[in-house]
Amino acid sequence: MRKLDEILEFNKKFVENQDYVSYVSDVVPNKKLAIVTCMDARLIELLQKAINIKNGDAKMIKTAGAQINNPFGSIMRSVLVAVYALKAEEVLVVGHKNCGMNSMDPSKVINEIKSRGVDDKTFEIISHTGIDVEDWLKGFTDLEEEVKRSVNVVRNHPLVTKDVPVHGLIIDPKTGELELVTNGYDL
Ligand SMILES: [Zn+2]
C-alpha cells in the first residue's frame with residue numbers, strides 16, 4: 001500500500017475508535033513554552049518524554065538542525081506568534097547530538113538534486129537572483145556554538161522583549177539526556 005493511502009486508512013480508524021480522546025487539549029500551551037528543535041525522526045517522541053511535555057503543553061517548532069537563520073524567516077515568525085498570540089512565556093532552542101545538519105556537505109545535496117534531473121541552468125538562474133544555494137543549504141560545524149547563535153537570534157530580536165527567557169539546550173537522541181548551553185534566566 002502506498003504511504004498516503006496507509007496514513008488515510010489508519011486515520012479513519014483512529015477517529016472512529018476515538019483514539020484522540022486522551023490527546024484533547026487547548027491551543028494555548030499549558031506549560032507556556034515554545035520549543036524550537038530539529039526535525040530529526042529520533043526526537044519525535046523522545047524529546048517530549050525526556051522533558052515531560054505532553055500534548056497541549058508546548059508549541060513545537062521544528063526545522064533542520066534547530067537552526068534559526070533568518071530573523072524574519074518562518075521559524076522566527078512562529079516563535080513570535082507563539083509568544084504574542086499563544087501566550088508562550090519562555091523559549092527553548094534544543095539542538096541535538098549527531099545532528100544531520102552538523103557538518104552536512106551541501107554539495108552532496110546539490111549533486112543529489114542534479115542526479116534527479118535538475119539541470120545546471122536552474123542553479124544558474126537561482127544564483128542570478130542573489131541566492132547562494134550552497135550557503136543556504138549548509139549546516140553548522142559546532143553544535144554548541146550553533147545553539148548559542150540561534151538563541152541569540154531570538155534574544156536579540158527587535159520584536160522580542162527582555163522578559164522572555166530564551167534557553168539553549170542539547171539533547172542526546174539516544175538517551176534523552178539534556179545539556180544546558182544557555183540559561184535564559186541568567187541575564
Ligand atoms: Zn538534527
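The values are calculated or read from the model by the stated rules, or taken from the named source; none is laboratory data. Because the structure is predicted, anything quoted here is derived from the model rather than measured. Here the Cβ positions follow ideal geometry from the backbone for every residue, glycine too, while neighbour counts run over all protein chains shown.
With respect to residue 119, is the statement that it is over 29 Å from residue 56 (Cα atoms), more than 18 Å from the chain's Cα centre (by Cα) and modelled with pLDDT under 95 true? Spell out the reasoning first.
Working: over 29 Å from residue 56 (Cα atoms): yes; more than 18 Å from the chain's Cα centre (by Cα): yes; modelled with pLDDT under 95: no.
Criteria not met by residue 119.
Hey, any hits in the stretch 69-76 for a residue that's among the β-branched types (Val, Ile, Thr), in a helix (DSSP H, G or I), touching a strand residue (DSSP E or B) at 6+ places or on another chain (Cβ under 7 Å) and closer than 23 Å to residue 28 by Cα?
Scanning the stretch 69-76 turns up at least one residue that is among the β-branched types (Val, Ile, Thr), in a helix (DSSP H, G or I), touching a strand residue (DSSP E or B) at 6+ places or on another chain (Cβ under 7 Å) and closer than 23 Å to residue 28 by Cα.
Each row is one residue, and each column tells you yes or no for (1) part of a helix (DSSP H, G or I); (2) closer than 16 Å to residue 178 by Cβ; (3) among the hydroxyl-bearing types (Ser, Thr, Tyr); (4) within 16 Å of the ligand (Cβ to nearest atom).
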position: 31; (1), (2), (3), (4): no, yes, no, no
position: 34; (1), (2), (3), (4): no, no, no, no
position: 52; (1), (2), (3), (4): no, yes, no, no
position: 59; (1), (2), (3), (4): no, no, no, no
position: 65; (1), (2), (3), (4): yes, no, no, yes
position: 100; (1), (2), (3), (4): no, no, no, yes
position: 114; (1), (2), (3), (4): yes, no, no, no
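Just to be sure, is residue 41 assigned to a loop (DSSP other than H, G, I, E, B) and either farther than 18 Å from residue 172 by Cα or without any contact (Cβ under 8 Å) to a residue 40 or more places away in the chain (or both)?
On the way: assigned to a loop (DSSP other than H, G, I, E, B): yes; either farther than 18 Å from residue 172 by Cα or without any contact (Cβ under 8 Å) to a residue 40 or more places away in the chain (or both): yes.
Yes.
Between a residue in the stretch 75-87 that is acidic (Asp, Glu) and any residue that is crowded, with 19+ Cβ neighbours inside 10 Å, which pairs come within a Cβ distance under 8 Å, given they are 6 or more apart or on different chains?
none
Among the candidates 60, 104, which residue alone is within 24 Å of residue 133 (Cα to Cα) and surrounded by 13 or more Cβ atoms within 10 Å (Cβ to Cβ)?
104
Look through the stretch 6-20, keep the residues that are under 27 Å from the mean Cα position of the chain (by Cα) and not in a loop (DSSP other than H, G, I, E, B), and return whichever of them is nearest to the ligand (Cβ to nearest atom).
Filtering first and then ranking leaves 7.
In the stretch 141-149, is there at least one residue being closer than 21 Å to residue 65 by Cβ, of a type in the set (A, V, I, L, M, F, W, C) and modelled with pLDDT under 95?
No, the stretch 141-149 has no match at all.
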